[in-house]
Amino acid sequence: MESTFSFRMMKVDDLDQIMEIEHQSFTVPWSREAFYNELSKNQFAKYLIIEADNKIVGYCGVWIVVDEAHVTNIAILPEYRGMKLGEALMGRMIETAKEHGALMMTLEVRVSNTVAQSLYRKFGFQGGAIRKNYYSDNQEDALVMWVNL
């Protein structure tokens, strides 16, 4: 499946499609209200979407506070995974964070999610600390990763 894709900032009107991606991607998905609050009330939040085939196929969120960007979430629809869209999305989000003054980016990732860790390492992220029992669904540890931008 060959697709062209484009990026834009997420809007409240996108939430139906975002919730579909969220529920297909995470065992403990964020609520619609959480995304609504991020978009309408959180001055630090920036959410980017990637579109292909005339629909939203992924998104990534960061909080940018002073000079640090923290990735809150990133997801691609299952049928669009393996097409390097996550890599394209992460690259664009890093550029967006830099444009907003970020000098460093951090994130947490499940210790078992080696596919995501490999993606982050492509962008220079390094593993740091472990957050014990970070994930509420199974008490899995999170690997904290960071990169200087």
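Residues that are in a helix (DSSP H, G or I), crowded, with 19+ Cβ neighbours inside 10 Å and within 10 Å of the chain's Cα centre (by Cα): does segment 70-87 have at least one? Yes; the residues of segment 70-87 include at least one that is in a helix (DSSP H, G or I), crowded, with 19+ Cβ neighbours inside 10 Å and within 10 Å of the chain's Cα centre (by Cα). Scanning segment 20-38 for residues that are under 14 Å from the mean Cα position of the chain (by Cα), over 16 Å from Leu89 (Cβ atoms), in a helix (DSSP H, G or I) and hydrophobic (A, V, I, L, M, F, W, C) turns up just one, Phe35. Considering segment 1-58, the residues that are of a type in the set (Gly, Ala, Ser) and in contact with a helix residue (DSSP H, G or I) (Cβ under 7 Å, 6 or more places away or on another chain) include one that is farthest from Ala102 (Cα to Cα), namely Ala52. Filtering segment 2-35 to residues that are over 22 Å from Asn113 (Cα atoms), in contact with an Asp or Glu (Cβ under 8 Å, 6 or more places away or on another chain) and either surrounded by fewer than 11 Cβ atoms within 10 Å (Cβ to Cβ) or β-branched (Val, Ile, Thr) (or both) leaves only Ser6.
Any read-out appearing in this document is the output of simple, stated calculations on the displayed coordinates, not a laboratory observation. Computed from a predicted model, the values in this text were never measured in an experiment. Cβ coordinates were reconstructed from backbone atoms using ideal geometry, including for glycine residues, and neighbour counts include every protein chain displayed.
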